Amino acid sequence: MILKNIPIYLASKSPRRRKLLKLMNINFKAFSVDVDEDIQDGEHPAQTVKRLALDKFKAASKKVKEGIIITADTIVVLNKEILGKPSTKKEAFETLSKLSGNTHTVYTGFVVANLSNGKKIVDYEKTRVTFRKLKRKEIINYIESGSPMDKAGAYGIQDDYGALFISKINGCYYNVVGLPITKIYLAILGITQ
């Protein structure tokens, strides 16, 4: 579809982000980068995701010297509390219990950079997601599936079961999956013209 002559790299280990780029019919190579995803007190969520995406870009640009690099970071925010990826089943249960019956905001920050011409776009997207009231047994069954353990907010909107928790969404669906693909597409166009 676009940019057949410029190599594109997705610096992410997320299988969901890789799948979303494939939806855009973009040829790309993917690799992961390791950065500290530290949360700073008092920092606005939009600033947090943009800073983390920039940190990932800096790490990725040490591995790639030409072409386009795409990086991203997603967080879930409920009442000013950032709900990260759970490290235990107990944490997953606590997170999903907090989300139950409430509306939260999903922020994804991203960097799209063209190393050939030095153009770079750093931006973010936010989407409001409302959960219906969940039953304890539903939460436990979902956790037992293993799905919550690698996702911010302990759920995946694209999961067969996780999708059933959501009663309403206001904003970009793909942002909640992990990559606001329309903004990414427009950013790629912007840095190559």
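Any read-out appearing in this document is the output of simple, stated calculations on the displayed coordinates, not a laboratory observation. The model shown is predicted, which means the values in this text are computed figures rather than measured ones. As a convention, Cβ positions derive from the backbone with ideal geometry for all residues, glycine included, and neighbour counts pool all protein chains shown.
For the chain, with the dipole built from +1 on Lys and Arg beta-carbon atoms and -1 on Asp and Glu ones, taken about the Cα centre, which of 162, 59, 188 lies farthest toward the positive end?
Most positive-ward Cα: 188.
Summing -39500 (n - 2.57) over the DSSP H runs of n ≥ 4 in the chain and dividing by its residue number, what mean residue ellipticity at 222 nm do you reach, to the nearest 500 deg cm²/dmol?
Values: 6 runs with 62 residues, N = 193.
Helices in the chain give a 222 nm mean residue ellipticity of -9500 deg cm²/dmol.
Provide the gained length on full extension for the span residue 170 to residue 44, in nm with one decimal, where the gain is 0.36 nm per separating residue minus the Cα-Cα distance. Before the final figure, lay out the partial values.
Working: separation 126, 0.36 × 126 = 45.36 nm, distance 2.00 nm.
Full extension from residue 170 to residue 44 adds 43.4 nm.
Give me the orientation-averaged projected area of the Cα convex hull of segment 1-57, in nm², one decimal. Can you show the working numbers first?
Values: hull surface 18.4 nm².
Projected area, direction-averaged: 4.6 nm².
Sum up the charges of everything whose Cβ sits under 12 Å from the Cβ of residue 77, counting Lys and Arg as +1 and Asp and Glu as -1, but leave residue 77 out. Walk me through the numbers on the way to the answer.
Working: positive: 80, 98, 126, 128; negative: 43, 81.
Taking every other residue near residue 77 into account, the sum is +2.
Please report Rg over Rh for the chain, where both radii come from the alpha carbon positions and Rh follows the Kirkwood definition.
Details: Rg = 16.8 Å, Rh = 17.1 Å.
Radius of gyration relative to Kirkwood radius: 0.98.
How tilted is helix 45-60 with respect to the longest principal axis of the chain? Cα atoms for both, answer in degrees (0 to 90, nearest 10).
Between helix and principal axis, roughly 50 degrees.
Counting other Cβ atoms within 10 Å, which GluC sites (Glu not before Pro) in segment 49-145 have at most 15 and lie in a DSSP loop? Walk me through the numbers before you get to the answer.
Values: sites: 66, 81, 91, 94, 125, 138, 144; in loops: 66.
Listed in order of number, the matching sites are 66.
Pop out the ³J(HN,Hα) list for segment 146-159 in order, Karplus 6.51 cos²θ - 1.76 cosθ + 1.60 with θ = phi - 60°, rounded to Hz; leave Gly and Pro as x.
Going residue by residue, I get x, 4, x, 6, 10, 10, 4, x, 6, 8, x, 5, 7, 5 Hz, with x marking Gly and Pro.
Between helix 89-99 and the chain, what is the angle of the helix's C-alpha long axis to the longest principal axis, kept within 0 to 90° and rounded to the nearest 10?
Compared with the principal axis, the helix lies near 90 degrees.
For segment 126-162 and segment 36-84, what is the centre-to-centre distance using only Cα atoms, to the nearest Å?
22 Å
Please report the relative contact order for the chain, taking Cα pairs under 8 Å with a sequence separation of at least 6, and give it as a percent rounded to a whole number. Don't skip to the answer; put the middle values down first.
Details: 376 pairs, mean separation 41.8, N = 193.
After rounding, I find 22 percent.
Once you have a ≥ b ≥ c as the square roots of the Cα gyration tensor eigenvalues for segment 102-146, tell me rounded if a/c is under 1.5, and otherwise prolate or oblate according to whether a/b is larger than b/c.
Details: a/c = 9.51, a/b = 2.59, b/c = 3.68.
Oblate, since a/c reaches 1.5 and b/c is not below a/b.
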